[in-house]
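S.K.: What follows is a single structure, and I will ask about it in a moment.
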Amino acid sequence: MPRLRPFFVIYIFLFTTLFGYSQVCSKNYFDEETLLRHVKALSSDMFEGRKTGTKGAVRAKKYIINQFYSLDVKPFKKSYEQPFLFTKGKKEYKGTNVIGYIRGKCEPNEFIVISAHYDHLGIKKGKIYNGADDNASGLGALFGFAEYFKKYPPKHSVILVAFDAEELGIKGSAFFLKNLPIHEKKVILNINMDMISRSDSNELYVVGTNLKKSLKSAVCCVKSKKVKLISGHDGYDNKESWVYASDHVHFHKAGIPFLYFGVEDHEDYHEHTDVFENIHPDFYKEAVRVIISVFNKIDIN
């Protein structure tokens, strides 16, 4: 191979330094097949739709804890589990958030909370509502982040949290925010992922940039050939607002900036047909890479 001339080497260095963050990084963020296996497992019949308070939800909780442990994600306190009680209608439920922690290498006292809910709708009239897109996909991404951090430790401290009882009124994240183990001013951002594994138009929406203008630069320059990352659904366009649609809402109410990643509703939304076979694997894998790329742009600042 011919040797590169010095000025050409310098040009390549400057080009990659100045423009490297404009494209989704090609480095191996996570194992793609493992990512898909997580979604397939968590949306299988064994977990019985993961409804809060059921045996299926307990199995999902144990699955999450096992993955955190194997990926060197530590519990924030003595336990990964944050139990809570709430009443909906006349029924009392026992929920459990699963919370992991990764200490930041440069800014350990500033925290980014990365979240996804793990509960779904359970069993209705004998049919299991497996919730592959909603929200085994978000959970798989949570593990993808954990795998990535094992290779590339974050600058800021990160709290990885799998919320319970989102489908029953967004209760888990409400309890989490009311019982934060740190002062809320130390939380600089919430990244929430809910339904990110399928889109016929290859569109992934990110909500929150129009509410916090400084986040625009972290989103606008992340490009992908497989996923169209679109800012919207936050009250600044003609689309339905998703600001109050998932667990990020309680961060928003607390004055904490958020980015919520999700796709448009599809024909299997909240149906028993939301199964692993109906997700779009290539879109999903790229969507997770895109979200990690956005995180990286925020984390380095």
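S.K.: Here's a check for you: in the range 257-288, which residue that is among the acidic types (D, E) and surrounded by fewer than 23 Cβ atoms within 10 Å (Cβ to Cβ) is farthest from K239 (Cα to Cα)?
M.R.: Filtering first and then ranking leaves E277.
S.K.: With respect to the numbered conditions (1) small (G, A, S); (2) within 27 Å of S43 (Cβ to Cβ); (3) open to solvent by 60 Å² or more (accessible area, probe 1.4 Å), which one is the sole condition not fulfilled by S246?
M.R.: Failed condition: (3).
S.K.: Which pairs do you get when a residue that is among the polar types (S, T, N, Q), found in the range 120-137, comes within reach of a residue that is outside any strand (DSSP E or B) and open to solvent by less than 30 Å² (accessible area, probe 1.4 Å), reach meaning Cβ atoms under 6 angstrom, with the pair 6+ apart or on two chains?
M.R.: Matching pairs, first to second residue: N130/S43; N135/D194; S137/V39; S137/I196; S137/S197.
S.K.: Shifting gears a bit: Residues of the range 44-57 being in contact (Cβ under 8 Å) with a residue 24 or more places away in the chain and aliphatic (A, V, I, L, M), which ones?
M.R.: A57
S.K.: Report yes if K77 is without any contact (Cβ under 8 Å) to a residue 24 or more places away in the chain and charged (D, E, K, R), otherwise no.
M.R.: Numbers: without any contact (Cβ under 8 Å) to a residue 24 or more places away in the chain: no; charged (D, E, K, R): yes.
So K77 does not fit the description; no.
S.K.: Could we say that D274 is acidic (D, E) and touching a helix residue (DSSP H, G or I) at 6+ places or on another chain (Cβ under 6 Å) here?
M.R.: In short, yes.
S.K.: Checking D72 against (1) open to solvent by 40 Å² or more (accessible area, probe 1.4 Å); (2) modelled with pLDDT of 95 or more; (3) assigned to a helix (DSSP H, G or I), only one condition comes out false. Which one?
M.R.: Only one criterion is unmet by D72, namely (3).
S.K.: Give me a count of the residues in the range 79-105 that are of a type in the set (D, E, K, R) and under 27 Å from F295 (Cα atoms).
M.R.: Total satisfying the criteria: 3.
S.K.: Among G56, G49, G104, G100, which is open to solvent by less than 80 Å² (accessible area, probe 1.4 Å), part of a loop (DSSP other than H, G, I, E, B) and over 18 Å from K178 (Cβ atoms)?
M.R.: Criteria check complete, one pass: G104.
S.K.: Could you run through the range 75-97 and say how many residues are open to solvent by 70 Å² or more (accessible area, probe 1.4 Å) and polar (S, T, N, Q)?
M.R.: 1
S.K.: Go through (1) outside any helix (DSSP H, G or I); (2) open to solvent by 90 Å² or more (accessible area, probe 1.4 Å); (3) modelled with pLDDT of 95 or more and name the single condition R37 misses.
M.R.: For R37, the exception is condition (1).
S.K.: Being among the acidic types (D, E) and assigned to a loop (DSSP other than H, G, I, E, B) narrows it down to one of E271, E286, so name that one.
M.R.: From the options E271, E286, the qualifying one is E271.
S.K.: With respect to A132, determine if the residue is in contact with a strand residue (DSSP E or B) (Cβ under 8 Å, 6 or more places away or on another chain) and open to solvent by less than 10 Å² (accessible area, probe 1.4 Å). Even if it seems obvious, please write down each step before you answer.
M.R.: Details: in contact with a strand residue (DSSP E or B) (Cβ under 8 Å, 6 or more places away or on another chain): no; open to solvent by less than 10 Å² (accessible area, probe 1.4 Å): yes.
No: the conditions fail for A132.
S.K.: Look at the range 131-162 and say how many of its residues are more than 22 Å from R103 (Cβ to Cβ) and of a type outside the set (D, E).
M.R.: 8
S.K.: What are the pairs with Cβ atoms under 7 angstrom where one residue, in the range 289-301, is open to solvent by 10 Å² or more (accessible area, probe 1.4 Å) and the other, located anywhere, is among the hydroxyl-bearing types (S, T, Y) and in a helix (DSSP H, G or I)? Sequence gap at least six, or different chains.
M.R.: Final answer for the pair search is K297/Y21.
S.K.: A further question follows. Can we say F251 is touching a His at 6+ places or on another chain (Cβ under 7 Å) and either open to solvent by less than 60 Å² (accessible area, probe 1.4 Å) or in contact (Cβ under 8 Å) with a residue 24 or more places away in the chain (or both)? If you could, list the steps in order and put the result at the bottom.
M.R.: Working: touching a His at 6+ places or on another chain (Cβ under 7 Å): no; either open to solvent by less than 60 Å² (accessible area, probe 1.4 Å) or in contact (Cβ under 8 Å) with a residue 24 or more places away in the chain (or both): yes.
No; evaluated as a whole, the condition is false for this residue.
The values are calculated or read from the model by the stated rules, or taken from the named source; none is laboratory data. Because the structure is predicted, anything quoted here is derived from the model rather than measured. Positions of Cβ are backbone-derived with ideal geometry, glycine not excepted, and every protein chain shown enters the neighbour counts. The accessibility values were calculated without ligands, DNA or RNA, using every heavy atom of the protein model including side chains. Shrake-Rupley method; radii C 1.70, N 1.55, O 1.52, S 1.80 Å.
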